[in-house]
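Report on one structure; see the data block that follows.
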Amino acid sequence: MKNIQCIVALAASLLLVCALATPAALGQDRPTAPIVPFVPDAAMERADVPDLFKWDLTKLFADDGAWQKAIDRLEAAQGALGQFEGRLADGAALRDCLKLYFDLHSLANRITLYANLNLNTDVVSARNQSRNDRALKVMASLMEKARFIRNEVMDLDDALLAAAYESAPSLAPYKSYIDGFRRRRGLVLSEEGERILALAGDNLFAEIDLNEIPAAPEKAFGGLMADIVFPEIDDEDSKKVQLSLSNYGRYRGSSDRAVRRGAVSAFFATLKQNQHALAATLGGQVEFSSFLARARGFDSARHAYMDKDNIDVAVYDNLVDTINENLAPLHKYMALRKKTMGVDELRLFDLYVPMVAGVEKEIPFNEARSLIVAALKPLGTDYLELLENGLDPASGWLDLYPCKNKESGAFSASTYGVAPFVKMNYFNSLGDASTLAHEYGHALHSYLSMKNQPPASFRYVSFIAEVASTFNETLLSDYLIANAASREEKLYLLNERAESIRTTIYRQTLFAEFEKEIHALHESGTSLTAAVLNETYRSLVERYYGPAYTIGPDDDIEWAYIPHFYWKFYVYNYATGLSTGISLAKGVSTGGPEALERYLELLGAGSSLPPVALLARAGADLTKPDVIRDAARLLDETLDEMESLMR
């Protein structure tokens, strides 16, 4: 026992050397300065963006030298885990082993996060790429050395584990982690079977996000999409521009119908020319996922990958079935869009442009901060204080503006013991303000989870991840609509709400049903040829969008460029997330302090309970149709309000 105590003390000292911030220490390490107007420019060098608008990575490591020293310390310390192998039936040994493991894992997470955040701000830097690869290898090494923990915890006799809890009460913070493994112990194969599955790339027992472990078909898909050359098209000034994956969305949403028609036609025609290779990569992904599921004894790949997060497939089926029973609002939306836009045929390239006159105005960052705080007032003073502090650039949470070589998009990232980081590419638009509210939903969710949970249970699964973000978006949308300055602005905002429900709930459920169907086809022996995939997708689009919508001759190839189909039954989370966000936002806005208390408890719960139970306790039972049905009803009510304003 003396040796074990020394090992634990060693790991603790390693973390103390890092001297990193705790989540309670929001403190602004940089002085607050007046925020002057700033004009975003994606071509700007990063050095030209004021430091105030960049995240403060010294909260992770003081510099690259400190980061490298942390790697050296981690590599030196992780071998100490081996001292516990074969001894985890003893409660004290199990506790000390898990304490050491989570200390090391927290340090490894900080190492990988530091590398990843640097890479995101300069994706072409060879140094950043090399640093990121190095960090991932260190994490993989730690996970390999800790593999015995999973195996021994699964093998523990129930009576022995009960005795371990009794002999070591301080083992309690690890209970949800232990229970997560033991719940799945019947899926473990023999030592030789496990070795073979590991060589094959099994990820059903991975502790990190499954979608961070791309299988060979996903890598092949990425390479194929990178190699496909799309043709030139005419832009709004009749000038030739090179169509690409990165600008397809921009031209698909052009206000010039000829431009957006040309973009979609050229994009899909090119995909059709490569349809057999694309069918092979997606079919390979389905085959691989199904192989792993069968090897573990699951009924289907869907059962396997939902079981990873402890979610019954009934939740998935409830979403698909309820949306199919409530397609009428989507059909109504298509009919209204067709009529309002005055087109003979409503096509895919008519769906990504506002159907009412655009009134979008610039919303500088300072104004967006004020809007978000005002909109989220129902969340109470404690939440707002955290929000205002995190939104202050001096806090170091935020990397706000675009610059040359910065990766597109936005995200929130966190690791235990450090205030979250938020990446934006803020261009002063309404959409950017909404995205900012969305990402701070994630950030404060992570912050509150860290504040209330130990390292073993602070991370929430993807099923819950989109709830807090869409909750914030919903309150912001409601606030903007209620305070619209004109009829035209209100129409525009209502259209934005309708589009959000269409794309995030209906379209993602269509994707989820497609993913379910193609796996079922494969598992029944049907070969997933391009023709089969095209026909399956076409029939779903026709059913979902209804008689007012016309599907083009090549539109059935849309499945081919969607990376989410390689993410192992992930897309349904978007639909359940927004539906739940809408439902809980309504409850907090109208339900009094009890509803707010339940919601804040959810944000602080991490993974302390099964995810479906956590949402049900907050007031959203995803095993029943109510939450999904309410989101469909909101679309219907939004369309009624739009029609009334149009009259």
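Some points to look at:
- Of all residues making up the stretch 284-303, the number that are at pLDDT below 95, touching a Leu at 6+ places or on another chain (Cβ under 7 Å) and surrounded by 20 or more Cβ atoms within 10 Å (Cβ to Cβ): 2
- Every residue from the stretch 418-455 that is among the hydroxyl-bearing types (Ser, Thr, Tyr) and out of contact with any strand residue (DSSP E or B) (no Cβ under 8 Å at 6 or more places or on another chain): Tyr426, Ser429, Ser434, Thr435, Ser449
Yes or no, residue by residue, for (1) over 15 Å from the mean Cα position of the chain (by Cα); (2) in a loop (DSSP other than H, G, I, E, B); (3) closer than 30 Å to Ala126 by Cβ:
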residue: Asn405; (1), (2), (3): yes, yes, yes
residue: Tyr447; (1), (2), (3): yes, no, no
residue: Arg459; (1), (2), (3): no, yes, no
residue: Val467; (1), (2), (3): no, no, no
residue: Leu475; (1), (2), (3): yes, no, no
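- Where helices (runs of 4 or more DSSP H) fall entirely within the stretch 112-196, none has at least 1 residues that are at pLDDT below 90 and either of a type in the set (Val, Ile, Thr) or on the phi > 0 side of the Ramachandran plot (or both).
- Residue that is surrounded by the most Cβ atoms within 10 Å (Cβ to Cβ) [pool: residues in the stretch 325-380 that are under 30 Å from Glu594 (Cα atoms) and among the charged types (D, E, K, R)]: Arg369
- Any hit, the stretch 348-371, residues being assigned by TED's automatic domain parsing to the domain that holds Ile582 and assigned to a strand (DSSP E or B): no
- If you go through the stretch 52-71 and pick out every residue that is closer than 23 Å to Leu400 by Cβ, aliphatic (A, V, I, L, M) and in a helix (DSSP H, G or I), you end up with 2.
- In the set Pro563, Pro625, only one residue is more than 24 Å from Tyr447 (Cβ to Cβ), surrounded by fewer than 16 Cβ atoms within 10 Å (Cβ to Cβ) and out of contact with any Pro (no Cβ under 8 Å at 6 or more places or on another chain); that residue is Pro563.
- Where helices (runs of 4 or more DSSP H) fall wholly inside the stretch 556-647, the ranges with 3 or more residues that are under 20 Å from Asp478 (Cβ atoms) and without any contact (Cβ under 8 Å) to a residue 60 or more places away in the chain are 572-590, 593-603, 626-646.
- Tally of residues being more than 24 Å from the chain's Cα centre (by Cα) and either closer than 21 Å to Val461 by Cα or outside the structural domain of Glu517 (by TED's automatic domain parsing) (or both) across the stretch 290-307: 1
- A single member of Ala168, Ala164 is surrounded by 15 or more Cβ atoms within 10 Å (Cβ to Cβ) and closer than 23 Å to Asn310 by Cβ, and it is Ala164.
- Note on the stretch 107-125: residues that are closer than 16 Å to Lys404 by Cβ and more than 22 Å from the chain's Cα centre (by Cα) total 2.
One line per residue, one yes/no per condition, for (1) free of Cβ contacts under 8 Å to residues at least 60 places away in the same chain; (2) assigned by TED's automatic domain parsing to the domain that holds His105:
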{"residue": "Leu136", "(1), (2)": "yes, yes"}
{"residue": "Met143", "(1), (2)": "no, yes"}
{"residue": "Met154", "(1), (2)": "yes, yes"}
{"residue": "Asp158", "(1), (2)": "yes, yes"}
{"residue": "Ala163", "(1), (2)": "no, yes"}
{"residue": "Tyr177", "(1), (2)": "no, yes"}
{"residue": "Phe181", "(1), (2)": "yes, yes"}
{"residue": "Glu194", "(1), (2)": "yes, yes"}
{"residue": "Phe221", "(1), (2)": "no, no"}
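- Residue in the stretch 477-489 that is among the aliphatic types (A, V, I, L, M), without any contact (Cβ under 8 Å) to a residue 40 or more places away in the chain and part of a helix (DSSP H, G or I) present: yes
- Which numbered condition Gly86 misses (of (1) at positive phi; (2) without any contact (Cβ under 8 Å) to a residue 24 or more places away in the chain): (2)
- Close pairs (7 angstrom Cβ cut-off, 6 or more residues apart or separate chains): part of a helix (DSSP H, G or I) in the stretch 227-247, surrounded by 10 or more Cβ atoms within 10 Å (Cβ to Cβ) anywhere: Leu245/Met225
- Checked against the criteria, Ala433 does not count as part of a loop (DSSP other than H, G, I, E, B) and over 30 Å from Asp307 (Cβ atoms).
The values are calculated or read from the model by the stated rules, or taken from the named source; none is laboratory data. In this text the structure is predicted, and so the values were computed from the model without any measurement. Note: ideal-geometry Cβ built from the backbone for every residue, glycine included; neighbour counts use all protein chains shown.
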